[in-house]
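Just so it is clear, none of the values below were taken in a lab; they were calculated from the coordinates. Predicted model, so just to flag it, every value in this text is computed and none were measured. Every residue, glycine as well, gets a Cβ built from its backbone with ideal geometry; the counts of neighbours run over all protein chains shown.
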C-alpha cells in the first residue's frame, strides 16, 4: 500500500471540494487512508470511479449495439444495391430488346405499306394503259378519226411511265434512307 503525506492528502481533498476532481482507476486500490477524512475522500472517489465506469460501460455497450446495427444496415444496403444493379441491367436489356422489336415492326409495316403502294400503282398504270390501248384499238377497228386518240394515247403512256418511275424512285429513296445509320444522316 502507498501512504501519502498530510500535505498531499490535504491538496487532494481541496481539489475534490473546489473542482470536483478526484483520484480514479486502479490507484485507488493501493492508496491507504489513515485518518477518517482521507478515508471518506477515498470512498467518494471509489464511488465516483465505479459510477463513471458503469456509465462508460453503458456507453460502450450502446456504441457496440449501434455498430452492429450499422453493419447490418450496411450489408442490407449493399444487397439492395446489388439487386438494383441487376434490375437495371435487366431493364436495359429489356429496353434494348423492345426497341429492336419496335424497329423490326416499324420496318415490316413500312415494307408492307411500300409493297401495297407499288402494287396499287402498277394496277392503276396497267389499268389505264390497257383501257387507253383498248380505246385506241377500238377507234382503229371502227375506222374513226383517231388522230386525237393517238396523241392522247402517246401522252397517257408517257405520263404513266414518268409517274411510275417517280413513285418507284421515291420508294427506293425512302428505303435507302431507312438503311443509313443515324450518325451519317446529320
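If you line up the long axis of helix 36-142 against the longest principal axis of the chain, both from Cα atoms, how many degrees apart are they, to the nearest 10? Roughly 0 degrees, rounded to the nearest 10. Among 145, 49, the ranking by other beta carbons within 10 Å of each residue's beta carbon, starting with the fewest, stands as 145, 49.
Helix-only arithmetic for the chain: the sum of -39500 (n - 2.57) across DSSP H runs with n ≥ 4, divided by the residue total, places the mean residue ellipticity at 222 nm at -31500 deg cm²/dmol.
As a rough guide to protection, the peptides 1-14, 93-106 ranked by mean Cβ packing within 10 Å, highest first, stand as 1-14, 93-106. Working ranking of peptides 60-68, 118-126 by packing, defined as the average number of other Cβ atoms within 10 Å per residue, highest first, is 118-126, 60-68. Short-range pairs are left out: with C-alpha atoms under 8 Å and at least six residues apart, the relative contact order of the chain is 13 percent.
Computed over segment 6-185, the percent of Cα pairs more than 20 Å apart is 78. Ranking of 149, 27, 117 by neighbouring Cβ atoms within 10 Å, starting from the fewest: 27, 117, 149.
Here 176, 48 are placed in order of increasing Cβ neighbour count within 10 Å, fewest first, which gives 176, 48. To the nearest ten degrees, helix 147-179 and the longest principal axis of the Cα atoms of the chain are 20 degrees apart.
The angle separating the long axis of helix 6-19 from the principal Cα axis of greatest extent in the chain is about 40 degrees.
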